[in-house]
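The values are calculated or read from the model by the stated rules, or taken from the named source; none is laboratory data. This one's a predicted model, so the numbers in the text were calculated from it and none came from an experiment. Positions of Cβ are backbone-derived with ideal geometry, glycine not excepted, and every protein chain shown enters the neighbour counts. Note: accessible area is taken over every heavy atom of the protein model, side chains too, but ligands, DNA and RNA are not part of it. Shrake-Rupley method; radii C 1.70, N 1.55, O 1.52, S 1.80 Å.
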Amino acid sequence: RYEPSWGSLDSRPLPAWFDEAKFGVFIHWGVFSVPSFGSEWFWWYWQKEKREPYVKFMDTNYPPGFSYEDFGPLFTAEFFDPNQWADILNASGAKYVVLTSKHHEGFTLWGSKYSWNWNAVDVGPKRDLVAELATSVRNRTDLHFGLYHSLFEWFNPLFLEDATNAFKTRKFPTSKSLPELYEIVTKYQPEIIWSDGDGNAPDTFWNSTGFLAWLYNDSPVRDTVVTNDRWGAGSICSHGGFYTCSDRYNPGHLLPHKWENCMTIDRSSWGYRRDARLRDYLAIEDLVKQLVETVSCGGNLLMNIGPTHDGRIAVVFEERLRQVGTWLKVNGEAIYGTKPWRAQNDTVTPGVWYTFSPKEGKVNAIFLNWPVSGILELGEPQAKLGETQVKLAGYKELLKWIALGEKGMVIALPQLTPQQLPCQWGWTLQLTDIN
């Protein structure tokens, strides 16, 4: 049994499924999807920081005295089809999904008894959105279902009171935050609890170690659940399950601890933005690059989309997700279930990243640019004459190669027309019998 201390909790081995999965989809959805302007931090930027674009947006488009709470009934979700969402998630090649059950605005996407009249069952859709998506994902896919939960809430009077008391009082965690966490675990049995938003309060204020001890010892998901590292000021990148360290974290080198790169397809926001331009969305080439770099350095990629207030996954997000899925159909063996190799990227040719498939004993060299010469030089692999074989994923014939001294090899790529290429946006060489 785990003790409610970081020393004990940090010793828990991460359930193996998480490292093998490599790729998940993050979904930021809530009342912030109604104004869908600027950022999911809309309420804070408008009311607290009084940023000019947000104040102007409200003055221009809404009557005087319109409050953020008035957006609640406008969060309607009439086009929300959880089966369709599940099918898009499945088509992306992701192995897990993380839905924001509650963001810093405090609005819960399930009918929480601790969030009276500020939840999706009482206000807006009048539907339990968490339950509906969980059911569809579990019925139609093999994805692991996870939930994001914000510890703090910007404007909750109880939190503000505790903060004023320098967190010596604990009204908010005991009456709101912790009961909600126990509620979502018991009710929906998520296999990921993605915590966030410590409000600058220490983990002792949140009683994070107490909750995690229960989660790992006695909860219905104790054997399979994974958690992140955002459990109070100072815990990020040092305590918990996998490390996130910061948003859009991509160190570019191997880390000693399992980590995750959570990032957004829309460069500027996690929630849906009606004011987004095409150039604000990462292209599929960028997303494949992020995935390959992250996995080769031992991380998982959690790629975020923001649905609309009426429950649609905008077609630009759907297209990107399906494109990643198309790429993974050809190159998935170089991603899923792999381990980092001794070298993460090539020393001679830039844009080449390595992974290792332990079951097959294969080294995967993923190259992001097809060389004009049709010849690819690799500085890292030590090939063995008469033994090493080189395959291009999605192409039948073996490739010809020659070794370069102690280390390195030159590989002749097949001469293919664009239509004959096994995929676009990055290719995998599978090397067997490499030293």
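Quick notes on this structure:
- Loop-located GluC sites (Glu not before Pro) in segment 33-71 whose Cβ has at most 11 other Cβ within 10 Å (DSSP): Glu49
- Antiparallel content of DSSP bridges confined to segment 175-333, in %, to 5: 10
- Sparse packing (at most 13 other Cβ atoms within 10 Å of the Cβ) combined with a DSSP loop state is found for the following chymotrypsin sites (Phe, Trp or Tyr not before Pro) in segment 1-79: Phe66, Phe79.
- Portion, in percent, of the accessible area of segment 339-432 that falls on carbon or sulfur, probe 1.4 Å: 52
- Checking every one of the trypsin sites (Lys or Arg not before Pro) in segment 375-404 against DSSP loop status and a limit of 15 other Cβ atoms within 10 Å picks out Lys384, Lys396.
- Within the accessible area of segment 210-332, the carbon and sulfur atoms contribute 49%, probe 1.4 Å, all protein chains present.
- Largest-first ellipsoid semi-axes for segment 51-114, taking √(5λ) over the Cα gyration tensor eigenvalues, angstrom: 31, 16, 13
- Beta bridges from DSSP with both residues in the chain: antiparallel share about 50 percent, rounded to the nearest 5.
- Relative pair counts by distance (%), Cα atoms of the chain, 10 Å bins: 4, 20, 29, 23, 14, 7, 2, 0
- Probe 1.4 Å - accessible area at Cys297, Å² to nearest ten: 0
- The antiparallel fraction among DSSP beta bridges confined to segment 86-169 stands at about 10%.
- Positive-end extreme of charge dipole, the chain - chosen from Ser67, Gln189, Thr355 (charges on Cβ): Thr355
- Alpha-carbon centroids, segment 377-435 and segment 43-114: separation in whole Å: 47
- Accessible area expressed per residue, segment 153-240, with surrounding protein chains retained (probe 1.4 Å, Å²): 36
- Value at 222 nm in deg cm²/dmol, rounded to 500, when DSSP H runs of n ≥ 4 in the chain each add -39,500 (n - 2.57): -7000 deg cm²/dmol
- Cα gyration tensor shape for segment 339-432, rounded if a/c is under 1.5, else prolate or oblate: rounded
- Accessible solvent surface per residue of segment 339-432, calculated while the other protein chains remain in place, 1.4 angstrom probe, Å²: 53
- Free-standing Cys residues across the chain, given no other cysteine C-beta under 4.7 angstrom: Cys262, Cys297, Cys423
- Out-of-range pairs (alpha-carbon distance over 25 Å; input Lys289/Lys362; Lys22/Lys113; Lys258/Lys407; Lys113/Lys258; Lys102/Lys289): Lys22/Lys113; Lys258/Lys407; Lys113/Lys258; Lys102/Lys289
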